[in-house]
Amino acid sequence: MKINEVEQVLGITKANIRFYEKEGLLSPGRTEKGYREYSETDIDRLKEIIIYRKLGIPVQQIADLLDGAVSLQDVLDSNIKALNEEI
């Protein structure tokens, strides 16, 4: 799937998709001409990233989640604690 198709299917901008790639959250394949080619696995990963961002999870914590360095429960607990401190 090309980036234009991903943009339409997921409702996020090309800039967001490229940002996630730059941050190491996503590594799409490339065609012979160098165009990004997104697999179903890439799409699933982007869906996960979108959900985490909607929950307010920072990109670095998302990277840790996707790498398995931390659990979702730990990240959510940490964010709840930070929000309570702000209140």
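The values are calculated or read from the model by the stated rules, or taken from the named source; none is laboratory data. Since the structure is predicted, the reported quantities are computational estimates derived from the model, not experimental observations. Note that we place each Cβ from the backbone using ideal geometry, even for glycine, and neighbour counts take in every protein chain shown. The accessibility values were calculated without ligands, DNA or RNA, using every heavy atom of the protein model including side chains. Shrake-Rupley method; radii C 1.70, N 1.55, O 1.52, S 1.80 Å.
Mind listing whichever residues of segment 26-45 are touching a helix residue (DSSP H, G or I) at 6+ places or on another chain (Cβ under 6 Å) and within 16 Å of residue 64 (Cα to Cα)? Residue satisfying the conditions is 26 alone.
Could you tell me which residue of segment 13-63 is farthest from residue 75 (Cα to Cα), considering only residues that are of a type in the set (Phe, Trp, Tyr) and over 10 Å from the mean Cα position of the chain (by Cα)? Per the stated criteria, the residue is 35.
Can you confirm whether residue 7 is open to solvent by 50 Å² or more (accessible area, probe 1.4 Å) and touching a Lys or Arg at 6+ places or on another chain (Cβ under 6 Å)? Here the answer is yes, as residue 7 does meet what is asked.
Residues of segment 10-23 that are of a type outside the set (Ser, Thr, Tyr) and surrounded by fewer than 12 Cβ atoms within 10 Å (Cβ to Cβ): 11, 15, 22. Screening residue 1 with (1) without any contact (Cβ under 8 Å) to a residue 40 or more places away in the chain; (2) assigned to a loop (DSSP other than H, G, I, E, B); (3) surrounded by 11 or more Cβ atoms within 10 Å (Cβ to Cβ) gives one miss only, at (1).
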